[in-house]
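Visitor: Before I ask anything, let me first share the structure, which is written out below as structure tokens.
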Amino acid sequence: MGGLSLRQIGYATINPGAYNTGLNDRAAEEKWKWYDGEKNFTRAEDMKKQEKGLKNQFDPEDMIEKMIEIIPADHHKFRTVHPEKTEKQMKETEKERWDMEI
């Protein structure tokens, strides 16, 4: 190609846990605007239970530091989940769902 060098463009998939950025709180509030217990499959009790997890959200500074570590790296995992507590929870949920029967 006449002296031009091609460089592969990489990407990083980062799944953050529940960080206290306001986004999670906003999503929790907004869903009640469209939720209809007569039409939706998810029970309101389950959604309220899930909201309780937002009381102990992580400090966003921790996720920023992780992104600064991961993004410029030449090699990294296909999927990075942070913090480790969230990674473990996601793996457990995936295993449960994989074997679930309906």
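The values are calculated or read from the model by the stated rules, or taken from the named source; none is laboratory data. Bear in mind that the values here come from a model prediction, so they are computed numbers and not experimental data. All Cβ positions, glycine included, derive from the backbone under ideal geometry; neighbour counts span all protein chains shown. Only protein heavy atoms, including side chains, enter the accessible area calculation; ligands, DNA and RNA are left aside. Shrake-Rupley method; radii C 1.70, N 1.55, O 1.52, S 1.80 Å.
Visitor: Can you tell me which residue in region 34-57 is nearest to L23 (Cα to Cα), limited to those that are part of a helix (DSSP H, G or I), of a type outside the set (S, T, N, Q) and open to solvent by 90 Å² or more (accessible area, probe 1.4 Å)?
Guide: In this case the residue turns out to be K55.
Visitor: Further question on the same structure: Applying the selection to region 58-102, what residues are basic (K, R) and surrounded by 14 or more Cβ atoms within 10 Å (Cβ to Cβ)?
Guide: Let us first name the residues in region 58-102 that are basic (K, R), namely 66, 77, 79, 85, 88, 91, 95, 97.
Once the filter is applied, which keeps residues that are basic (K, R) and surrounded by 14 or more Cβ atoms within 10 Å (Cβ to Cβ), region 58-102 yields only K66.
Visitor: Let me ask something additional. For region 7-25: of the residues being free of Cβ contacts under 8 Å to residues at least 24 places away in the same chain and either part of a loop (DSSP other than H, G, I, E, B) or over 25 Å from R79 (Cβ atoms) (or both), which is least open to solvent (accessible area, probe 1.4 Å)?
Guide: Top of the filtered list is G22.
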